[in-house]
1. If the limit is 25 Å between Cα atoms, which of Lys143/Lys218; Lys228/Lys252; Lys56/Lys143 go over it?
2. How many percent of the accessible area of region 146-281 is carbon or sulfur, using a 1.4 Å probe?
3. Computed over the Cα atoms of region 129-281, what is the convex hull's projected area averaged over all directions, in nm²?
4. Remind me, relative contact order of region 123-281 in percent, using alpha carbon pairs under 8 angstrom and six or more residues apart?
5. Heavy-atom accessible area per residue, region 145-281, 1.4 Å probe: how many Å²?
6. Give the peptides 93-99, 167-173 in descending order of average Cβ contacts within 10 Å, highest first.
7. Please compute, for the alpha-carbon atoms of region 42-191, the extent along each of the three principal axes and give them in descending order in Å.
8. Plugging the Kirkwood radius over Cα pairs into Stokes-Einstein for region 213-276, at a temperature of 37 °C and a viscosity of 0.692 mPa s, what D comes out in µm²/s?
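The values are calculated or read from the model by the stated rules, or taken from the named source; none is laboratory data. The model shown is predicted, which means the values in this text are computed figures rather than measured ones. Here Cβ is always computed from backbone atoms with ideal geometry, including for glycine, and neighbour counts include all displayed protein chains. These accessible areas exclude ligands, DNA and RNA; they are computed on the full protein's heavy atoms, side chains included. Shrake-Rupley method; radii C 1.70, N 1.55, O 1.52, S 1.80 Å.
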Amino acid sequence: MQKSQLILIGGAIALVATLFIYGRTSPVADKKAAGEAMPGQPATVAAAKFEDILQKAKEKAPAAQLAEINSLEHAVVRGDVKSQQIAVNRKLYEIWEGLNEEPVAAYYAGEAAKLENSEKSLTFAANLFFKHYGHAKDAAVMKWQAEQAVDLFDKAIALTTPPKSDTLKYYQSQILLETGEPMAAVSKLREIVQNNPDNEDAQITLGNMAITSGQFDKAIERMDGFLKRNPKNAKAMFILAEAYRSKGDKDKAIALFKQSRALIADPTLGAEIDKYIESIK
């Protein structure tokens, strides 16, 4: 997995970009988070159709590979059709991956995984979309890849149990946030914390979203509860401090920022927190 960041409002943006690095990076044009209890901005771009994505990829494919692709597409006609379909889809995945056509390759990996119906193969295919969807230059293709990833993660989740299923739900939540479906993301995150109240990623994300939407008391309540069980969590302490700062309680915020600072060993990050504290005094 690559890395990503959460974003807080106001002057904390640069600091949070360093402090809350986890997950993956995806160069999505608009990563605005919406409120925990607010309807998010609906995705305005319709998902692309796979047939169109495939056609554009074929137009760039070398003649030799295109001939093999076309042959494979019509290879399954009789006998053990399911096993043949799995083998064909795997081969198509390998060919398209070799041609650096990640969306098409991921599609065929997903088709093979659906037929196999194993958690391992479904997660592998979902992660292909998860890894590459944010790099799509076409917003409609990005939307299609996001939908494919969420669907494959759903199928994998149905075949597994916590904590692994919680991890997959968290990945889903990040995709849903980035594609303009915050309420669906919140639903996934709440499922995680209901099962495991000490899941740091989910709790931090929910607290961050509450601050971003102006629900400072909700963020405070959530982080207070989490910190009672995890008193040395620097991220949660920082989120709590930012909630108080955003609410206007500067003295309380500074005290909490200092506590967060004391929990961080990284001198560079510590210096950034010191600068941030000075900026709000």
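1. Where the Cα-Cα span goes over 25 Å, the pairs concerned are Lys143/Lys218.
2. 48
3. 10.2
4. It comes to 12 percent, rounded to a whole number.
5. 43
6. Taking the mean over residues of other Cβ atoms within 10 Å, the ranking is 167-173, 93-99.
7. Result for region 42-191: principal-axis Cα extents of 48, 34, 21 Å.
8. Here the translational diffusion coefficient equals 280 µm²/s.
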